[in-house]
Amino acid sequence: MFHFALSAAVMQLFVYLSEHRDGLENACALLGGPDAARRFRALHAAISVPQARFTRWISRELLALHRLLSLDDVADFDSPAAYYFSLINPADSVVADICLVTDGLRDCLRALIIEDLIEVDEFDVAA
C-alpha cells in the first residue's frame, strides 16, 4: 500500500483524467496533431502512478497541456498549434467539447496550485 495519503486535488485530477481521457486526447490531436496526442498519453501514464507530489516534468506537461487547450500558442503562426487550429471550423461542435475539457483541467490545476502540489512559473489561478 502507499505510505502517503493522496490529496483531494490529486484525486480530483485522477478522476478528471480518467473520466475525460478520450476527450482530452482528441482535443490534443485536433489542436496539436499526433505529437500533442502522444505527449498527452505519456502524461496520462505518468499521472496514473500515485504520488504525493508531481515531478517537474509532470508539472511542465500539465501546464503545456493547458496552454495547448487554451490556444495560447495559436498567435505564433509558425507553431504547429496555429496550423492545427486553422483547420478547425469555429462552428463545429468539437469547439464546445474542447472548451469543456479545458475548463475542467483548469479547475484541477487551480486545486493543485492552491495545495502547492505542482511547480508553476506562470499560471493565472484566477483565470
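Throughout, read-outs are computed from the coordinates displayed, never taken from laboratory work. Keep in mind that this is a model prediction, so the values were computed, not measured. Don't worry about glycine lacking a Cβ; one is built from the backbone with ideal geometry, like all the others, and counts go over all protein chains shown.
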Self-check item: Hits in the range 1-40 (condition: touching a Phe, Trp or Tyr at 6+ places or on another chain (Cβ under 6 Å) and farther than 17 Å from Leu105 by Cβ)
Solution: Gly33
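Answer yes or no: is there a residue in the range 66-74 that is farther than 23 Å from Leu6 by Cα and among the hydroxyl-bearing types (Ser, Thr, Tyr). Write out each step before concluding.
Taking the range 66-74 as the starting set, the residues that turn out to be farther than 23 Å from Leu6 by Cα are 67-74.
If we keep only those that are among the hydroxyl-bearing types (Ser, Thr, Tyr) as well, we get 70.
Yes, the range 66-74 contains at least one residue that is farther than 23 Å from Leu6 by Cα and among the hydroxyl-bearing types (Ser, Thr, Tyr).
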Quiz item: Hey, among the residues in the range 48-75 that are basic (Lys, Arg) and touching a helix residue (DSSP H, G or I) at 6+ places or on another chain (Cβ under 9 Å), which one's farthest from Leu13 (Cα to Cα)?
Solution: Arg67
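With the structure loaded, tell me whether Tyr16 is surrounded by 13 or more Cβ atoms within 10 Å (Cβ to Cβ), farther than 27 Å from Leu117 by Cα and not hydrophobic (A, V, I, L, M, F, W, C) or whether it fails that test. Talk me through it step by step, then tell me what you get.
Working: surrounded by 13 or more Cβ atoms within 10 Å (Cβ to Cβ): yes; farther than 27 Å from Leu117 by Cα: no; not hydrophobic (A, V, I, L, M, F, W, C): yes.
Here the answer is no, as Tyr16 does not meet what is asked.
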Self-check item: In the range 87-108, the residues that are touching a helix residue (DSSP H, G or I) at 6+ places or on another chain (Cβ under 7 Å) and touching a residue at least 60 places away in the same chain (Cβ under 8 Å)
Solution: Val94, Asp97, Ile98, Val101, Thr102, Gly104, Leu105, Cys108
Quiz item: Are there any helices (runs of 4 or more DSSP H) wholly within the range 15-127 with 3 or more residues that are more than 12 Å from the chain's Cα centre (by Cα) and not acidic (Asp, Glu), and if so which?
Solution: 21-47, 80-86, 94-114
Quiz item: Can you name the number of the only condition in (1) buried (at least 17 other Cβ atoms within 10 Å of the Cβ); (2) without any contact (Cβ under 8 Å) to a residue 24 or more places away in the chain that Arg41 fails?
Solution: (1)
